[in-house]
1. Over the alpha-carbon set of region 32-121, divide Rg by the Kirkwood Rh and report the Rg/Rh ratio to two decimals.
2. When only C-alpha pairs under 8 Å and at least 6 residues apart count, what is the relative contact order of region 1-114, in percent?
3. How large is Rg over Rh for region 1-153, taking Rg from the Cα atoms and Rh as the Kirkwood inverse mean of 1/r across Cα pairs?
4. Restricting to DSSP H runs of at least four residues, report the calculated mean residue ellipticity at 222 nm for the chain, -39500 (n - 2.57) per run over all residues, nearest 500 deg cm²/dmol.
5. State, to one decimal in nm, how far the label point of residue 19 lies from the label point of residue 167, with both points 7 Å from Cα in the Cβ direction.
6. Considering only protein heavy atoms, what per residue accessible area in square angstrom results for region 63-174 with a 1.4 angstrom probe?
7. Taking the Cα centre of each part, how many Å lie between region 56-82 and region 158-184?
8. State which stretch of the chain is the longest one without any exposed chymotrypsin sites (Phe, Trp or Tyr not before Pro), exposure meaning a DSSP loop state and at most 16 other Cβ atoms within 10 Å.
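The values are calculated or read from the model by the stated rules, or taken from the named source; none is laboratory data. Computed from a predicted structure; not experimentally measured. Backbone-built Cβ (ideal geometry, glycine too); neighbour counts: all protein chains shown. We work out accessible area using only protein heavy atoms, side chains counted, and drop any ligands, DNA or RNA first. Shrake-Rupley method; radii C 1.70, N 1.55, O 1.52, S 1.80 Å.
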Amino acid sequence: MTKEMQSNRRAKIAIGIALAIGAIIWMIPFVWMILSSFKTDAEIMQFPPKILPEHFSMDNFKELFGAFNFIVYLKNTLIVVAFSFLGMFFNAMAGFGFAKYNFKGREPLFYLVLATMMIPGQVTMIPVYLIMNSLKLTNTMAGIILPGLVGAYGIFLFRQFASAISNELLEAARLDGASEWYIFTRIVLPISKPVLAVQGIATFIGGWNSFLWPLIMANDEKYYTLPVGLQLLKGQYANNYSLQMAGSTFMVVPILIIFMFLQKYILEGYNVSGNK
């Protein structure tokens, strides 16, 4: 083994150790939060602190769904997430149209879509709220869902991916008598799994963590989402740390699970983007 190979090996080992230490430090708050959700307030406040609870208890989670409206908040959040995935389908359709169809004003319209990415969401909230109010959609699920149904980033991401799809493949399908709908749903979408996975996890996180817009639009608690309900819980029970930990755990764990299942496709999607 040459000196250069030994030096490269030592560098890789050092980088691996540094990354492992960084990962452990990054995981400590999450592990503490999850374990604390099974503790009582007395256990959380004791000193010196203990990582593991003395007795694992589901009482905090039972209280979340028994004494509070977390079932309602969860249902509303799942509705928002479901429609967000529907919006992802619309984004894919728009991106495919920009990539593969020639129509008048295509480029200016696409640049206009991209320009909206430069505008902070906070700037457009007041105009969008006034539009929703004029349509009588304030304090409704439709008013919460519609403004975020499609997004410029999703359209751009799918357009970039669809641009690399072979035109010969699509033309061959048309010669065989396939309709445009069939081409999109049976050919384009199946080969777009990597970019759909990237967009899917971003869509899920955005819908699951939707806070500010539901807070603005909803005056009735029956339309609150989980983040709004969690903030309400923190305001009313600021000293009940175990209950807050349970609510935070319930918010974070599904995102981690989704990422674990989709990480293969996510990494593949970014590799495809990088290869372009």
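1. 1.33
2. 13
3. 1.17
4. Values: 13 runs with 195 residues, N = 276.
Mean residue ellipticity at 222 nm (helix-derived): -23000 deg cm²/dmol.
5. That separation, rounded to one decimal, is 4.1 nm.
6. 55
7. Region 56-82 and region 158-184 have Cα centres separated by 43 Å.
8. Counting at most 16 other Cβ atoms within 10 Å as exposed, the longest clean stretch of the chain is 104-210.
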